[in-house]
Amino acid sequence: MSSRSLIIIASLAQHSGDWLLALPIANCGLRLDDEAVRVAVGMRLGLSLCVPHSCPCGEQVDAQGLYATVCKKAPGRIARHQVLNDIIWRSMGSAGISLPSIKEPSGLVRQDGKRPDGLALFPWQGGKSLTWDVTVVSQYLGSILR
């Protein structure tokens, strides 16, 4: 199956176009700049977004640039993660959850070695602290890494 076919299938997935319904409210982190809109629309339509090149990890990136969204060494990956973490942190305050909290707490590690992305500083329920984790799922990942 070609990558173009996979993109079309991914664009038909349930909720794949929900980002188009978000109101562009800058205070909530929901306003996309022109470049972000260009990339998002280009990915949705399966257009060429960049010049084919080598990723810092050594893999080849095609003109659609999908590999850059999943590579652990791709520039911008950490920045995208931090923006999502910040949106969750600010959303808790907007929802009236006024517990003081910190992002990227140190010293906390789960059994699988991963760290939470945020922690409420006071116990939330049953003496346990509220934590959150930002995880981004890519519909393209399976087709890119095959």
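The values are calculated or read from the model by the stated rules, or taken from the named source; none is laboratory data. Predicted, not measured: the structure shown is a model, and the values here were computed from it. Neighbour counts are summed over all protein chains in view; Cβ atoms, including those assigned to glycine, are modelled from backbone coordinates with ideal geometry.
What to note about this one:
- For V51, the conditions (1) assigned to a helix (DSSP H, G or I); (2) more than 22 Å from N85 (Cβ to Cβ) all hold with the exception of (1).
- Top-ranked residue of the stretch 95-141 - restricted to ones that are loosely packed, with under 11 Cβ neighbours inside 10 Å and among the small types (G, A, S), ranked as modelled with the lowest pLDDT: S98
- Screening R44, R4 for residues that are modelled with pLDDT under 80, among the basic types (K, R) and surrounded by 14 or more Cβ atoms within 10 Å (Cβ to Cβ) leaves exactly one candidate, R44.
- If you check R80, R115 for being under 21 Å from the mean Cα position of the chain (by Cα) and outside any loop (DSSP other than H, G, I, E, B), only one passes: R80.
The rows are residues; the columns are (1) under 24 Å from L30 (Cβ atoms); (2) free of Cβ contacts under 8 Å to residues at least 12 places away in the same chain.
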residue: D62; (1), (2): no, no
residue: G65; (1), (2): yes, no
residue: A68; (1), (2): yes, no
residue: I78; (1), (2): yes, yes
residue: R90; (1), (2): yes, no
residue: G107; (1), (2): no, yes
residue: Q111; (1), (2): no, yes
residue: G127; (1), (2): no, yes
residue: D133; (1), (2): yes, no
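- Unmet criterion (only one of (1) assigned to a loop (DSSP other than H, G, I, E, B); (2) more than 30 Å from S54 (Cβ to Cβ)) for C71: (2)
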